[in-house]
Structure formats: structure tokens, C-alpha cells
Amino acid sequence: IAAPQRPALPAGLRAQLRPYQVEGFHFLTFLSTNGLGGVLADDMGLGKTLQALAWLLWLAGRQPADAPLRALVICPKSVVGNWESETVRFAPALGVMRFAPGPTKAALAAHDGRPLIVVANYTQLRLNAKFFHGQAWHAVILDEAQFIKNPGSKVAHVARELPGEHRLVLTGTPIENRLLDLWSLFAFSLPGLLGTQAAFKRHYA
């Protein structure tokens with residue numbers, strides 16, 4: 001595991017980050033540099049979306065010109081508009097669009113050189129699993145990731161199968177009802193870290 005020099009905030013970020021948000025950004029770049037996924041578990045209202053946008057801008061700057069960043073954000077339906085507005089406000093260099101099968105497929109095929117964030121809700125993820133699994137995502141973010149806290153649910157299974165070079169979980173409640181909630185988050189973001197579900201239950205009952 002390397003401890004790279006902490007990068008400067010991306011030039012395209014239109015926000016003044018607080019010190020703990022800068023630390024969160026550096027945490028995310030550290031994970032990516034080492035090929036790791038992770039969980040950003042700040043409390044509600046502390047700017048997890050902004051930290052994630054700074055990270056996506058940083059990732060976009062590392063992509064070759066012929067392979068612009070393609071990121072997928074899965075979130076509750078009530079938060080989709082928030083991702084759109086905050087992307088436009090804080091990271092206008094990133095394109096953002098709500099998931100709709102036809103238009104989204106066309107946008108992903110266009111390769112117009114602009115980084116793109118596709119935002120979908122958890123129900124859309126479950127109902128359109130084949131489409132999402134068929135794409136090459138540079139980054140996949142699960143926001144309000146307690147939606148996959150039950151590892152046996154279909155939405156958790158579909159999320160674990162998503163192809164993503166970089167995987168990130170955002171949540172204010174990494175453990176909501178039981179310790180297995182945390183296992184499910186890491187089964188998506190860094191598979192194998194906490195062992196099998198059976199071993200996890202046995203060791204951490």
C-alpha cells in the first residue's frame with residue numbers, strides 16, 4: 001500500500017471545502033491510488049456528495065482523452081435531483097443526467113469527450129440490472145447505501161455485480177440495525193475484506 005503525495009483539489013471544483021472535507025477527498029484519492037474501494041460514512045449534512053464530486057473530478061482528470069470518465073451514482077429517488085443540482089453547481093465540468101434507458105444508452109455511446117455521471121435510483125438499478133451490468137463504469141457510487149444493508153436482497157445482489165473500476169459507498173448509517181449491515185456495504189465496495197458472510201457472523205456475533 002502506497003501513501004502518495006496528497007493531490008491538490010481539482011481545478012474544476014467550484015466550492016471551498018472545509019478541512020475535514022479536504023481530508024475526505026484525500027482519503028478517497030488514497031483508496032483509488034491503491035486500487036481499493038471504501039466507505040465514506042460522515043454524518044448527514046457534512047457534504048459527502050461534495051467530497052465525492054471532488055473525487056470524481058480528480059478521477060476525470062486522470063482519464064485519457066479517448067476514454068472520458070463514466071460514473072454511475074445509485075441513490076434514493078428523493079436524492080436524484082440533489083445530485084443533479086450539486087454537480088451543476090460545484091462540478092460543472094462533469095456532465096450529469098438522470099437514467100432513462102434510451103437517452104442514457106445514446107449518451108454513453110457518444111464518447112463526446114466530456115466526463116459523464118449517470119444518476120439512477122435503487123428501483124431502476126434492480127429493474128434494469130442487465131443494462132447497468134453491460135456498461136464499463138470507471139466509478140460506481142452507492143449513496144444512502146443502507147438500501148443494500150440486507151445482503152440477501154435482490155438490489156444488494158445486483159449492486160455487487162456492477163462492473164466498476166472504483167467503488168464507493170456513501171452513508172450516514174453504516175450500521176443501522178445489525179453488524180451484518182456493514183458486511184453488506186463492504187461486500188460491494190471491497191469484496192472479501194471482511195471474509196465470507198458465515199465467517200463474519202461467527203467471528204463478530
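The values are calculated or read from the model by the stated rules, or taken from the named source; none is laboratory data. Bear in mind that the values here come from a model prediction, so they are computed numbers and not experimental data. Here Cβ is always computed from backbone atoms with ideal geometry, including for glycine, and neighbour counts include all displayed protein chains. Remember, those area values only see protein heavy atoms, side chains included, never the ligands or the DNA or RNA. Shrake-Rupley method; radii C 1.70, N 1.55, O 1.52, S 1.80 Å.
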Per-region count, the stretch 118-146, residues open to solvent by 30 Å² or more (accessible area, probe 1.4 Å) and among the small types (G, A, S): 2
Checking the condition crowded, with 16+ Cβ neighbours inside 10 Å and among the basic types (K, R), which residue from R178, R167, R114 passes? R167
The stretch 66-89: number of residues that are farther than 23 Å from H133 by Cβ and not in a loop (DSSP other than H, G, I, E, B): 9
Those residues of the stretch 183-200 which are closer than 17 Å to T171 by Cβ and without any contact (Cβ under 8 Å) to a residue 24 or more places away in the chain, in sequence order: L193, L194
Among the residues of the stretch 35-47, count how many are under 19 Å from L17 (Cβ atoms), assigned to a loop (DSSP other than H, G, I, E, B) and in contact with a helix residue (DSSP H, G or I) (Cβ under 9 Å, 6 or more places away or on another chain). 4
Would you check if there is a residue in the stretch 48-60 being hydrophobic (A, V, I, L, M, F, W, C), at pLDDT 95 or above, farther than 30 Å from H133 by Cβ and assigned to a helix (DSSP H, G or I)? no
Can you tell me which residue in the stretch 60-78 is farthest from the chain's Cα centre (by Cα), limited to those that are crowded, with 16+ Cβ neighbours inside 10 Å and over 12 Å from L116 (Cβ atoms)? C75
Which ones in the stretch 13-34 are open to solvent by less than 70 Å² (accessible area, probe 1.4 Å), outside any helix (DSSP H, G or I) and either among the charged types (D, E, K, R) or modelled with pLDDT of 95 or more (or both)? L13, A15, L17
